[in-house]
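Notes to accompany the following structure.
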Amino acid sequence: MSSQPITARIADGVASIPSAEWDACAGTANPFVGNAFLSILERSGSATARAGWQPLPIVIDGADGRVAGIAPAYVKAHSQGEYVFDHGWADAWEHAGGSYYPKLQVAVPFTPVPGPRLLVRDDSLAPALIAAIEAVTDQNGLSSAHATFVDDAQLPWFEAAGWLIRAGTQFHWQNHGYAGFDAFLAALSSRKRKAIRKERAAALDGLTVRHLTGAEIGEAHWDAFWQFYQDTGSRKWGQPYLTRGFFTLLGREMADKVLLILAERDGVPIAGALNLIGEDALYGRYWGAVEEVPFLHFELCYYQAIDAAIARGLARVEAGAQGEHKLARGYAPVTTWSAHYIPDPGFRRAVADFLHREREAVAREQEWLGEMMPFKREG
């Protein structure tokens, strides 16, 4: 740990911290942890106390008075929009006479994308930031603190602090230096190549696909995508997490990080997929359609994303949470991680036992999934 004097505080929202100081800690590789994206969630009314996501970033200041580290933290009144499911933990704690909510969530709201959760100018500050998260949890009588979708590099910091570790699975496409989509297909078995070509032909029949980014995206495009998003959100979550204003702000302030893929029929958008562009990955986030077209979801969210990643020289496509159907389309199982601080010793023991058994089950499932990959086999 740094020998410099360290002061920890709770900030009044993301927007209260100067973007330059925030981004000096967050870096530029992952667009979701930057000040722009997180403050857009806040300012658009998407991640607010009213929505059950009260933004209270935990900040440590260095001796020079500058922000030295940030945990993007939220006090949660529910477990919605997290994609690491702890409803069973909440029920058990409530049945035992405790109050699981409020809890502290260190995360990017509504975004199951692995990334840094301890935003520090110097790695030596990580233990101090974890200690600050624990102090906020203890001093405010919160049941627990949860850092979800922690990237691999930061996981040892939480392990060293004694947090409980949880494993999950996502499916990511890896770019092995493919010159184009056909080169990717050539790595697959003959049967899978034929199936994907057939899916793409069916999906694109009578449609035009456009890739838009930066100034190419206008409010009319966001109006169309809002209709797509509302349809998907109402079916998956009951009501959409994001407000219409979120998309306008995203277009104004982060358009160069946005890739909007639209399918049009006779010049009218009927479906779309929203991606964010990182330094080494394309992140698929939202999709929707107002017309049912067979395989169009796979085309816009998976195959067009592969096309875009190859064209941009990106290392991978992360297409969101869950979805074993991605496996047959060349997306491989990878392990995702979360870390959990539970002060109550009895509750901690029960959760630790559950997580031990769950990690073993996840490892077995991933081994089986790996055998189902569609790539050619040696010999």
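Looking at the range 322-379, what % of the alpha carbon pairs are farther apart than 13 Å? Summing the P(r) of the range 322-379 above 13 Å gives 69 percent of all pairs.
With all pairs of separate Cα atoms included, the chain yields a Kirkwood hydrodynamic radius of 21.9 Å. Strictly greater than 20 Å: what percent of every Cα pair in the range 69-165 meets that? For the range 69-165, the share of Cα pairs beyond 20 Å comes to 36 percent.
Calculated FRET efficiency, residue 375 and residue 198, Cβ-Cβ r, R0 22 Å, to nearest 0.05? Write down the numbers at each step before the final one.
Details: r = 18 Å, r/R0 = 0.84.
So the FRET efficiency works out to roughly 0.75.
For the range 1-86, the set of chymotrypsin sites (Phe, Trp or Tyr not before Pro) satisfying both a DSSP loop assignment and a count of at most 13 other C-beta atoms within 10 Å is given as 85.
List the trypsin sites (Lys or Arg not before Pro) within the range 18-73 that fall in a DSSP loop (any state other than H, G, I, E or B) and whose Cβ has at most 12 other Cβ atoms within 10 Å. Mind dumping the intermediate values first?
Details: sites: 43, 50, 66; in loops: 50, 66.
Answer by residue number: 50.
Inter-part distance, the range 101-163 to the range 268-326, computed on C-alpha centroids, equals 29 Å. In the chain, the portion of solvent-accessible area held by carbon and sulfur atoms comes to 51 percent [1.4 Å probe, whole percent, DNA, RNA and ligands not counted]. Accessible surface area normalised per residue over the chain is 43 Å², counting heavy atoms of protein chains with a 1.4 Å rolling probe.
Select from the range 310-379 those GluC sites (Glu not before Pro) which occupy a DSSP coil region and have at most 12 other Cβ atoms within 10 Å, ordered by residue number.
Numbers: sites: 318, 324, 358, 360, 365, 367, 371, 378; in loops: 378.
Taking the range 310-379 and a limit of 12 other Cβ atoms within 10 Å, the loop GluC sites (Glu not before Pro) found are 378.
Let me know the shape class of the range 141-243, please: from the alpha-carbon gyration tensor, a ≥ b ≥ c as square roots of the eigenvalues, rounded when a/c is under 1.5, otherwise prolate if a/b is greater than b/c, or oblate. The shape class here is oblate. Converting phi to 3J(HN,Hα) with the Karplus coefficients 6.51, -1.76 and 1.60 and the offset θ = phi - 60°, the range 250-267 yields 4, x, 6, 10, 9, 4, 6, 9, 9, 10, 9, 9, 10, 9, 10, 10, 6, x Hz in sequence order, with x at every glycine or proline. If you run the Gaussian network model on the chain, springs between alpha carbon atoms under 10 Å, then out of 352, 47, 309 the most flexible one is 352.
Number of Lys-Lys pairs in the chain with C-alpha atoms under 25 Å apart and a separation of 8 or more places or on different chains: 12. For the range 175-223, the equivalent ellipsoid built from the Cα gyration tensor has semi-axes of 29, 17, 7 Å, listed from largest to smallest.
The values are calculated or read from the model by the stated rules, or taken from the named source; none is laboratory data. Note that the structure is predicted; figures quoted are calculated from it, not measured. Positions of Cβ are generated from backbone atoms using ideal geometry, with glycine treated the same way; all protein chains shown enter the neighbour counts. To get the accessible areas, we keep the full protein, side chains included, count just its heavy atoms, and leave off ligands, DNA and RNA. Shrake-Rupley method; radii C 1.70, N 1.55, O 1.52, S 1.80 Å.
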